[in-house]
Amino acid sequence: MSARLSRLLLGLSCCLAGPSLAQAESGFEVADASREAYSRIHPDLPQAKSEEVFRGRGLFRQSWVIPPAKDIEIAGLGPLYNQISCLSCHPKNGRGQPPESPQQAMRSMLTRLSLPGEDEHGGPLPHPVYGGQLNEQGIPGVPGEGRVSVDYREEAIKLADGETVKLRKPVYTFVDPQYGPLPANILYSPRVGPSVFGLGLLEAVDEQTIRRLAEDGKRQGLQGHPNLVWDAERQRKVIGRFGLKANVATLKQQIAGAFIGDMGITSSLHAEENCSVSQAACKQAPSARQPELSDAQLDAVLLYLRLLQVPARRNTGDAMVLEGEKLFAEIGCTACHTPTLTTGDFPELPVLSKQTLHPYTDLLVHDMGEGLADGRPDYLAGGSEWRTPPLWGIGLVERINEHSYFLHDGRASNLTEAVLWHGGEALLSQKKFIGLPKMERLALIRFLESL
């Protein structure tokens, strides 16, 4: 037996013996592997901020109600919407999942829409009737816009040692469109709700760091680049870092966009209800007030999400995990999944400044190949390009969210399938993974499970 295989077998026995928590490295890493690990709030706050954070947490978890309950703080749902709370798409602040059958509605998933072309700022061109997102539900008297059904076809991929893995390729169908048929050239992008912890840290990474990562990648032969997007508050293009294509400028705008897009709740950043001119019942429906989400409420949710801590790595002394970490780097995964970043100065919330973080992302968009392409450009992110998703906390998804669906649309049933779906700039790393002996593949997955 080889020395490397002996180490892997020893590591596997350690993993089976039970998890151990690593020492957290900063105030934003929390040594917690419980089902609440995605929901821990940074404790170092003055009392006034603590009250605002807990108000934000309540608003994030709250089920919103329909108008005209004007005197109720949580009124404003609809007229068109996807879900009634933020937590519906981000359960326990973690990942949503795709429907389990073609008949099931998207409960923690949505579908972006656009037409070929660009809007006035270079972003996606909304459909004139259905807008930029399909809203499957409506308040009483307002028909929902329809739904998207998902089914799967299996594609087998054979690994170097003879093992076969079956990958699920999603097939989407628009069902019962209520406001007229969608055109043949409609561009659409189904997306599962991602986890929301650690977003404040990602916002505090300065633009110079992101540009440097792009230059470092080019020297390695990669084509990852920042997405330049419209900042509605500053009225100019900036580097995007939020959204699955890095298509949103700031966390505040991401939150406000989700409130209007997912729940139909207006704010100072989105003052109009999400109704198109031809949706008469929607246009005539009452509003709770204007805006339905006050600036104070928006700021509270923003503070809450900025201060969510990140689960610390686990099993960091385990031989198999350490071997997997080495293999992760050797096959080239760290070229995009950058292990360590440092935040810059962040005057809006100084506690986020000069923090060392381990997100395993470069915040750049990369070509992931035709297999993962949605064909829908978003500013400078092409139809096969996606932002490198952070990997921190990924090993706790199954425990916290009670499923193991990964990638932007949840097509991967486990982490092995997620790796095998990589193409484009990641194709060489995928081929190296396919060529690994089984125990080494298992070690790499054990490493991912330690994050």
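Once the chain from Lys169 to Asp345 is taken as fully extended at 0.36 nm per residue, the excess over their C-alpha distance is 59.1 nm.
Computed over the alpha-carbon atoms, the range 189-267 gives an Rg to Rh ratio of 1.01, Rh here being the Kirkwood radius from the mean inverse distance.
Starting with the highest mean, order 293-306, 339-352, 376-389 by the number of other Cβ atoms within 10 Å, averaged over the residues of each peptide. Intermediate values should be presented prior to the final figure.
Values: 293-306: 20.1, 339-352: 15.7, 376-389: 21.6.
The most tightly packed comes first, giving 376-389, 293-306, 339-352.
The lysines within cross-link reach of Lys283, meaning a Cα-to-Cα straight distance under 20 Å and a gap of 8 or more places when in the same chain, are Lys70.
Quick one: which of 157-164, 185-192 comes out on top by average Cβ neighbours within 10 Å, and what's the full order, highest first?
185-192, 157-164
Which is farthest toward the positive dipole end of the range 198-261 among Ala204, Gly224, Gly257, measuring Cα position about the Cα centre, with Cβ charges +1 (Lys, Arg) and -1 (Asp, Glu)? My answer, from the dipole projection, is Gly224.
Which of the pairs Lys169/Lys431; Lys92/Lys438; Lys169/Lys252 have their Cα atoms more than 23 Å apart in this structure? Present the calculation step by step, with values, prior to reporting the outcome.
Values: Lys169/Lys431 19 Å; Lys92/Lys438 33 Å; Lys169/Lys252 34 Å.
Lys92/Lys438; Lys169/Lys252, as the Cα separations exceed 23 Å there.
Spacing of the modelled spin labels on Lys326 and Ala296, each 7 Å from Cα toward Cβ, amounts to 5.8 nm. Taking the Cα centre of the range 166-231 as origin and assigning +1 to Lys and Arg Cβ atoms and -1 to Asp and Glu Cβ atoms, the resulting dipole is close to 500 debye. Which shape class applies to the range 306-451: rounded if a/c is under 1.5, otherwise prolate when a/b exceeds b/c and oblate if not, where a ≥ b ≥ c are the square roots of the Cα gyration tensor eigenvalues? Here the range 306-451 falls in the oblate category. Of the residues His337, Tyr304, Val277, the one whose Cα sits farthest towards the positive end of the charge dipole of the range 3-449 is His337 (charges of +1 on Lys and Arg Cβ, -1 on Asp and Glu Cβ, taken about the Cα centre). Against the chain, whose longest principal axis is taken from its Cα atoms, helix 319-330 shows a tilt of about 70°.
Given C-alpha coordinates of the chain, what is the ratio Rg to Rh with the Kirkwood estimate of Rh?
Values: Rg = 22.0 Å, Rh = 22.8 Å.
Radius of gyration over Kirkwood radius for the chain works out to 0.96.
So which chymotrypsin sites (Phe, Trp or Tyr not before Pro) in the range 27-63 are both in a DSSP loop and have at most 10 other Cβ atoms within 10 Å of their Cβ? Write out the running numbers ahead of the final one.
Working: sites: Phe28, Tyr38, Phe54, Phe60; in loops: Phe28, Tyr38.
Taking the range 27-63 and a limit of 10 other Cβ atoms within 10 Å, no loop chymotrypsin sites (Phe, Trp or Tyr not before Pro) are found.
Which entries of Lys158/Lys245; Lys218/Lys432; Lys166/Lys218 have Cα-Cα distances beyond 22 Å here? Table pairs above 22 Å Cα-Cα are Lys158/Lys245; Lys166/Lys218.
From its DSSP helices (H runs of at least four residues, each -39,500 (n - 2.57)), the chain gives a residue-normalised ellipticity at 222 nm of -8000 deg cm²/dmol.
With contacts taken as Cα pairs under 8 Å and at least 6 residues apart, the chain reaches a relative contact order of 22 percent.
If we count other beta carbons within 10 Å of each Cβ, what is the order of Val148, Val175, Val129, fewest first?
Numbers: Val148 20, Val175 13, Val129 16.
Going from least to most buried by this count: Val175, Val129, Val148.
A Cβ-based charge dipole, computed about the Cα centre of the chain with Lys and Arg at +1 and Asp and Glu at -1, lands at about 760 debye. Rounding to the nearest 10 and keeping the result within 0 to 90°, find how far the Cα-based axis of helix 438-449 lies from the longest principal axis of the chain. Long axis of 438-449 versus the principal axis of the chain: about 40 degrees. By how many degrees, between 0 and 90 and to the nearest 10, does the Cα long axis of helix 251-263 differ from the longest principal axis of the chain? The two axes meet at around 60 degrees. When the alpha carbon gyration tensor of the range 246-349 is reduced to an equivalent ellipsoid, the three semi-axes, largest first, read 42, 18, 13 Å.
Cα gyration tensor of the range 45-199, axes a ≥ b ≥ c as square roots of the eigenvalues: rounded (a/c below 1.5), prolate (a/b > b/c) or oblate? Write out the running numbers ahead of the final one.
On the way: a/c = 1.96, a/b = 1.28, b/c = 1.53.
It is oblate, given that a/c is not under 1.5 and a/b is not larger than b/c.
Each value in this text was obtained by applying a stated rule to the coordinates, not by laboratory testing. What you see is a predicted model, and the numbers here were worked out from it, not measured in a lab. We place every Cβ from the backbone using ideal geometry, glycine too, and count neighbours over all the protein chains shown.
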